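The values are calculated or read from the model by the stated rules, or taken from the named source; none is laboratory data. No experiment lies behind these values; they were computed from the predicted model shown. Every residue, glycine as well, gets a Cβ built from its backbone with ideal geometry; the counts of neighbours run over all protein chains shown.
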Amino acid sequence: MKRNVVILTALAAVAVGTAAAAQLLPKDTEVWSPEPPVTPPGPLVAAPPPADAIVLFDGANLDQWVAVKDKGPAGWTVADGVLTVNKAAGNIETKRSFRDYQLHIEWRVPADITGAGQARGNSGLFLASTGPGDAGYEVQILDSYQNPTYVNGQAGAIYKQHPPLANASRKPGEWQSYDVTWRAPVFGPDGALVSPARVSVVHNGLLVQDDVVLAGETVFIGKPKYKAHGPAPIKLQAHRDPSEPISFRNIWVRELPPQA
(Lines give C-alpha, C1' and ligand atoms only; values in the text may rest on other atoms or scores of the structure.)
Protein backbone atom coordinates (compact mmCIF):
# COMPACT_ATOMS: atom_id res chain seq x y z
CA MET A 1 0.00 0.00 0.00
CA LYS A 2 2.79 2.43 0.93
CA ARG A 3 4.50 1.79 -2.43
CA ASN A 4 1.26 2.53 -4.27
CA VAL A 5 0.87 5.80 -2.38
CA VAL A 6 4.41 6.83 -3.37
CA ILE A 7 3.71 6.02 -7.04
CA LEU A 8 0.41 7.90 -7.02
CA THR A 9 2.08 10.91 -5.39
CA ALA A 10 4.81 10.93 -8.04
CA LEU A 11 2.25 10.68 -10.85
CA ALA A 12 0.28 13.55 -9.34
CA ALA A 13 3.42 15.69 -9.22
CA VAL A 14 4.11 14.95 -12.89
CA ALA A 15 0.53 15.85 -13.78
CA VAL A 16 0.78 19.14 -11.90
CA GLY A 17 4.07 19.96 -13.63
CA THR A 18 2.60 19.11 -17.03
CA ALA A 19 -0.46 21.25 -16.36
CA ALA A 20 1.70 24.18 -15.25
CA ALA A 21 3.80 23.91 -18.41
CA ALA A 22 0.66 23.82 -20.53
CA GLN A 23 -0.44 27.15 -19.02
CA LEU A 24 2.71 28.96 -20.21
CA LEU A 25 2.13 31.35 -23.10
CA PRO A 26 4.52 33.08 -25.53
CA LYS A 27 3.32 36.49 -24.33
CA ASP A 28 4.58 35.70 -20.82
CA THR A 29 8.13 36.43 -21.97
CA GLU A 30 7.40 39.32 -24.36
CA VAL A 31 8.78 42.74 -23.36
CA TRP A 32 7.22 45.75 -25.12
CA SER A 33 8.91 48.72 -23.47
CA PRO A 34 11.00 50.73 -23.38
CA GLU A 35 11.46 50.77 -27.13
CA PRO A 36 15.07 51.06 -28.35
CA PRO A 37 15.74 54.42 -30.03
CA VAL A 38 15.50 54.42 -33.80
CA THR A 39 19.01 55.21 -35.06
CA PRO A 40 19.33 55.37 -38.86
CA PRO A 41 22.57 53.64 -39.91
CA GLY A 42 25.11 54.80 -42.44
CA PRO A 43 25.62 53.07 -45.80
CA LEU A 44 26.64 49.43 -45.96
CA VAL A 45 30.27 49.25 -47.07
CA ALA A 46 31.06 46.07 -48.98
CA ALA A 47 34.36 44.45 -48.02
CA PRO A 48 35.96 41.08 -48.81
CA PRO A 49 36.37 38.51 -46.03
CA PRO A 50 39.61 38.65 -43.99
CA ALA A 51 42.43 36.41 -45.16
CA ASP A 52 41.92 33.96 -42.27
CA ALA A 53 38.13 33.74 -42.60
CA ILE A 54 36.19 30.58 -43.38
CA VAL A 55 33.77 31.58 -46.14
CA LEU A 56 30.36 30.03 -45.48
CA PHE A 57 28.57 31.58 -48.46
CA ASP A 58 30.17 33.56 -51.29
CA GLY A 59 27.25 33.55 -53.70
CA ALA A 60 28.19 30.37 -55.54
CA ASN A 61 26.72 27.36 -53.72
CA LEU A 62 25.66 25.79 -50.42
CA ASP A 63 28.57 23.39 -50.10
CA GLN A 64 29.18 24.55 -46.50
CA TRP A 65 25.58 23.87 -45.39
CA VAL A 66 23.18 21.00 -44.71
CA ALA A 67 19.51 20.68 -43.86
CA VAL A 68 18.96 20.55 -40.10
CA LYS A 69 16.20 17.94 -40.28
CA ASP A 70 18.19 15.14 -41.94
CA LYS A 71 21.73 16.51 -42.61
CA GLY A 72 21.01 16.18 -46.33
CA PRO A 73 21.67 18.89 -48.93
CA ALA A 74 20.52 22.36 -47.90
CA GLY A 75 17.42 23.05 -49.97
CA TRP A 76 17.46 26.83 -50.12
CA THR A 77 17.71 28.79 -53.37
CA VAL A 78 20.96 30.25 -54.74
CA ALA A 79 20.62 32.71 -57.64
CA ASP A 80 22.51 35.81 -58.74
CA GLY A 81 24.92 35.50 -55.83
CA VAL A 82 22.14 35.52 -53.23
CA LEU A 83 20.84 32.82 -50.89
CA THR A 84 17.06 32.88 -50.34
CA VAL A 85 15.13 30.97 -47.69
CA ASN A 86 13.01 28.03 -48.83
CA LYS A 87 10.51 27.77 -46.00
CA ALA A 88 9.33 24.34 -47.10
CA ALA A 89 12.88 22.96 -46.81
CA GLY A 90 13.30 24.06 -43.18
CA ASN A 91 16.31 25.34 -41.29
CA ILE A 92 19.88 24.93 -42.54
CA GLU A 93 23.15 24.77 -40.60
CA THR A 94 26.87 24.67 -41.27
CA LYS A 95 28.64 21.37 -41.83
CA ARG A 96 31.38 22.54 -39.51
CA SER A 97 31.01 23.12 -35.80
CA PHE A 98 32.46 26.13 -34.02
CA ARG A 99 33.14 27.32 -30.49
CA ASP A 100 34.22 30.97 -30.18
CA TYR A 101 34.17 33.10 -33.32
CA GLN A 102 33.64 36.36 -35.16
CA LEU A 103 30.86 36.20 -37.77
CA HIS A 104 29.75 38.50 -40.58
CA ILE A 105 26.44 38.01 -42.38
CA GLU A 106 24.32 40.22 -44.63
CA TRP A 107 20.56 39.84 -45.02
CA ARG A 108 17.71 41.53 -46.89
CA VAL A 109 13.98 41.72 -46.31
CA PRO A 110 12.11 41.77 -49.67
CA ALA A 111 10.95 45.19 -50.82
CA ASP A 112 7.43 43.79 -51.27
CA ILE A 113 7.24 42.28 -47.77
CA THR A 114 3.79 41.82 -46.29
CA GLY A 115 2.50 41.06 -42.81
CA ALA A 116 3.08 42.71 -39.45
CA GLY A 117 4.89 42.13 -36.19
CA GLN A 118 6.58 38.75 -35.97
CA ALA A 119 4.93 37.70 -39.25
CA ARG A 120 6.99 40.13 -41.35
CA GLY A 121 10.39 39.05 -42.66
CA ASN A 122 11.07 36.72 -39.73
CA SER A 123 14.19 34.56 -39.59
CA GLY A 124 16.96 33.90 -37.12
CA LEU A 125 20.71 33.52 -36.83
CA PHE A 126 21.45 30.74 -34.34
CA LEU A 127 24.96 31.18 -33.00
CA ALA A 128 25.13 27.58 -31.86
CA SER A 129 22.67 24.98 -33.10
CA THR A 130 22.21 22.53 -30.25
CA GLY A 131 19.57 20.29 -31.76
CA PRO A 132 16.70 20.04 -34.24
CA GLY A 133 14.25 22.80 -35.03
CA ASP A 134 15.06 26.08 -33.29
CA ALA A 135 17.26 24.68 -30.52
CA GLY A 136 20.18 26.98 -29.76
CA TYR A 137 20.97 30.64 -29.22
CA GLU A 138 19.20 33.06 -31.58
CA VAL A 139 19.90 36.57 -32.75
CA GLN A 140 16.56 37.68 -34.18
CA ILE A 141 16.24 38.66 -37.83
CA LEU A 142 13.06 40.59 -38.63
CA ASP A 143 11.78 43.58 -40.56
CA SER A 144 11.92 46.10 -37.72
CA TYR A 145 11.63 49.15 -39.95
CA GLN A 146 8.42 50.84 -38.76
CA ASN A 147 7.08 47.44 -37.67
CA PRO A 148 6.25 47.38 -33.94
CA THR A 149 6.65 44.14 -31.99
CA TYR A 150 7.94 43.10 -28.58
CA VAL A 151 11.37 44.65 -28.15
CA ASN A 152 13.11 41.44 -27.10
CA GLY A 153 11.95 39.96 -30.41
CA GLN A 154 12.87 42.72 -32.85
CA ALA A 155 15.88 42.75 -35.17
CA GLY A 156 19.13 42.64 -33.22
CA ALA A 157 17.55 41.10 -30.12
CA ILE A 158 18.91 38.05 -28.38
CA TYR A 159 15.53 36.41 -28.71
CA LYS A 160 13.37 36.77 -25.60
CA GLN A 161 16.43 37.73 -23.50
CA HIS A 162 18.06 41.04 -24.53
CA PRO A 163 16.42 43.83 -26.57
CA PRO A 164 18.86 45.70 -28.83
CA LEU A 165 20.37 48.97 -27.64
CA ALA A 166 19.10 50.67 -30.82
CA ASN A 167 16.80 50.00 -33.75
CA ALA A 168 19.29 50.20 -36.62
CA SER A 169 17.03 48.65 -39.24
CA ARG A 170 17.06 49.69 -42.86
CA LYS A 171 13.85 49.65 -44.87
CA PRO A 172 12.81 46.54 -46.81
CA GLY A 173 14.71 45.99 -50.02
CA GLU A 174 18.01 47.24 -48.57
CA TRP A 175 20.86 45.00 -47.44
CA GLN A 176 21.67 44.86 -43.73
CA SER A 177 24.59 43.39 -41.81
CA TYR A 178 25.32 41.68 -38.53
CA ASP A 179 28.83 41.45 -37.12
CA VAL A 180 28.86 39.09 -34.15
CA THR A 181 31.40 38.09 -31.54
CA TRP A 182 30.31 34.82 -29.93
CA ARG A 183 31.76 33.33 -26.78
CA ALA A 184 30.27 29.89 -26.27
CA PRO A 185 29.28 28.59 -22.84
CA VAL A 186 31.73 26.33 -21.05
CA PHE A 187 30.63 23.19 -19.22
CA GLY A 188 32.49 21.02 -16.74
CA PRO A 189 33.09 17.27 -17.09
CA ASP A 190 29.86 16.67 -15.17
CA GLY A 191 27.85 18.89 -17.55
CA ALA A 192 27.53 21.73 -15.05
CA LEU A 193 27.78 25.27 -16.41
CA VAL A 194 31.22 26.80 -15.74
CA SER A 195 30.76 30.07 -17.64
CA PRO A 196 27.72 31.32 -19.59
CA ALA A 197 27.58 32.32 -23.24
CA ARG A 198 28.32 35.95 -24.12
CA VAL A 199 27.69 37.83 -27.33
CA SER A 200 28.23 41.22 -28.95
CA VAL A 201 26.29 42.24 -32.06
CA VAL A 202 26.85 45.15 -34.41
CA HIS A 203 23.81 45.81 -36.63
CA ASN A 204 24.47 47.99 -39.67
CA GLY A 205 27.51 49.48 -37.95
CA LEU A 206 25.76 50.19 -34.62
CA LEU A 207 26.54 48.27 -31.44
CA VAL A 208 23.23 46.74 -30.34
CA GLN A 209 24.44 43.97 -27.98
CA ASP A 210 27.44 44.78 -25.80
CA ASP A 211 29.01 41.57 -24.47
CA VAL A 212 25.69 40.47 -22.96
CA VAL A 213 25.41 37.31 -20.88
CA LEU A 214 22.86 34.73 -21.95
CA ALA A 215 20.65 33.02 -19.38
CA GLY A 216 20.56 29.88 -21.51
CA GLU A 217 19.30 28.83 -24.90
CA THR A 218 16.67 31.09 -26.46
CA VAL A 219 13.13 29.74 -26.29
CA PHE A 220 9.72 30.82 -27.57
CA ILE A 221 7.83 29.74 -24.45
CA GLY A 222 9.16 29.60 -20.90
CA LYS A 223 12.47 30.51 -19.34
CA PRO A 224 15.89 29.91 -20.91
CA LYS A 225 18.16 27.22 -19.55
CA TYR A 226 21.44 25.57 -20.45
CA LYS A 227 22.15 22.03 -21.50
CA ALA A 228 25.72 20.87 -21.89
CA HIS A 229 27.15 20.86 -25.41
CA GLY A 230 30.44 21.26 -27.24
CA PRO A 231 31.28 23.05 -30.50
CA ALA A 232 28.13 23.49 -32.58
CA PRO A 233 27.04 24.47 -36.10
CA ILE A 234 25.74 27.90 -37.04
CA LYS A 235 22.07 27.75 -38.07
CA LEU A 236 19.79 29.90 -40.24
CA GLN A 237 16.05 29.75 -39.67
CA ALA A 238 13.29 29.12 -42.18
CA HIS A 239 10.56 30.75 -40.12
CA ARG A 240 7.05 29.49 -40.72
CA ASP A 241 5.31 32.86 -40.93
CA PRO A 242 3.52 33.51 -44.26
CA SER A 243 5.51 36.59 -45.33
CA GLU A 244 7.85 36.59 -48.31
CA PRO A 245 11.23 34.83 -47.65
CA ILE A 246 14.33 36.85 -46.86
CA SER A 247 17.77 36.52 -48.46
CA PHE A 248 21.42 36.31 -47.35
CA ARG A 249 24.85 36.96 -48.82
CA ASN A 250 28.52 37.39 -47.82
CA ILE A 251 28.68 35.03 -44.83
CA TRP A 252 32.03 34.33 -43.22
CA VAL A 253 33.43 33.33 -39.84
CA ARG A 254 36.78 33.66 -38.03
CA GLU A 255 37.50 31.23 -35.25
CA LEU A 256 38.75 32.84 -32.04
CA PRO A 257 40.95 31.30 -29.35
CA PRO A 258 39.10 30.46 -26.12
CA GLN A 259 39.34 33.08 -23.41
CA ALA A 260 41.29 32.20 -20.29
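Considering each residue of region 176-210, count those that are assigned to a loop (DSSP other than H, G, I, E, B), in contact with a Phe, Trp or Tyr (Cβ under 8 Å, 6 or more places away or on another chain) and not small (G, A, S), and give that number.
2
Looking at region 104-156 only, could you name the residues that are among the β-branched types (V, I, T) and in contact with a Phe, Trp or Tyr (Cβ under 9 Å, 6 or more places away or on another chain)? Let's see the steps before the verdict.
First, pick out the residues of region 104-156 that are among the β-branched types (V, I, T): 105, 109, 113-114, 130, 139, 141, 149, 151.
Selection gives I105, V109, T130, V139, I141, T149, V151.
In region 220-237, how many residues are over 20 Å from D28 (Cα atoms) and in a loop (DSSP other than H, G, I, E, B)?
Just the residues of region 220-237 that are over 20 Å from D28 (Cα atoms), to begin with: 227-237.
With the extra rule that they be in a loop (DSSP other than H, G, I, E, B), the set shrinks to 227-231, 233-234, 237.
Number of matching residues: 8.
Among the candidates A74, A111, A47, single out the residue that is more than 16 Å from the chain's Cα centre (by Cα) and within 30 Å of Y226 (Cβ to Cβ). Can you show your working first?
Details: A111 fails: within 30 Å of Y226 (Cβ to Cβ); A47 fails: within 30 Å of Y226 (Cβ to Cβ).
Step by step, each of A74, A111, A47 is checked, and only A74 is more than 16 Å from the chain's Cα centre (by Cα) and within 30 Å of Y226 (Cβ to Cβ).
Name the residues in region 84-143 that are within 19 Å of P164 (Cα to Cα), of a type in the set (K, R) and not in a loop (DSSP other than H, G, I, E, B), would you?
R108
Is there a residue being touching a helix residue (DSSP H, G or I) at 6+ places or on another chain (Cβ under 9 Å), buried (at least 18 other Cβ atoms within 10 Å of the Cβ), at pLDDT 95 or above and not in a strand (DSSP E or B) anywhere in region 164-174?
yes
If you check P233 against the conditions, is it more than 14 Å from the chain's Cα centre (by Cα) and farther than 25 Å from G117 by Cα? Show your work before the answer.
Values: more than 14 Å from the chain's Cα centre (by Cα): no; farther than 25 Å from G117 by Cα: yes.
The answer is no for P233.
For region 144-159, check the following and say yes or no: at least one residue is touching a residue at least 40 places away in the same chain (Cβ under 8 Å), assigned to a loop (DSSP other than H, G, I, E, B), touching a strand residue (DSSP E or B) at 6+ places or on another chain (Cβ under 7 Å) and at positive phi.
Yes - at least one qualifying residue is present in region 144-159.
Quick check on region 19-58: of everything there that is surrounded by fewer than 10 Cβ atoms within 10 Å (Cβ to Cβ) and in a helix (DSSP H, G or I), which residue is modelled with the highest pLDDT?
Filtering region 19-58 for residues that are surrounded by fewer than 10 Cβ atoms within 10 Å (Cβ to Cβ) and in a helix (DSSP H, G or I), the one modelled with the highest pLDDT comes out as K27.
Matching residues to (1) more than 23 Å from S144 (Cα to Cα); (2) under 17 Å from the mean Cα position of the chain (by Cα); (3) without any contact (Cβ under 8 Å) to a residue 40 or more places away in the chain:
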| position | (1), (2), (3) |
| --- | --- |
| E174 | no, no, no |
| F187 | yes, no, no |
| D211 | no, yes, yes |
| K223 | yes, yes, no |
| L256 | yes, no, no |
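Go through V208, V213, V253 for me and flag whichever is farther than 30 Å from A88 by Cβ, of a type in the set (V, I, T), buried (at least 19 other Cβ atoms within 10 Å of the Cβ) and at pLDDT 95 or above.
V208
Just checking, how many residues over region 123-151 are of a type outside the set (A, V, I, L, M, F, W, C), surrounded by fewer than 24 Cβ atoms within 10 Å (Cβ to Cβ) and more than 12 Å from the chain's Cα centre (by Cα)?
8
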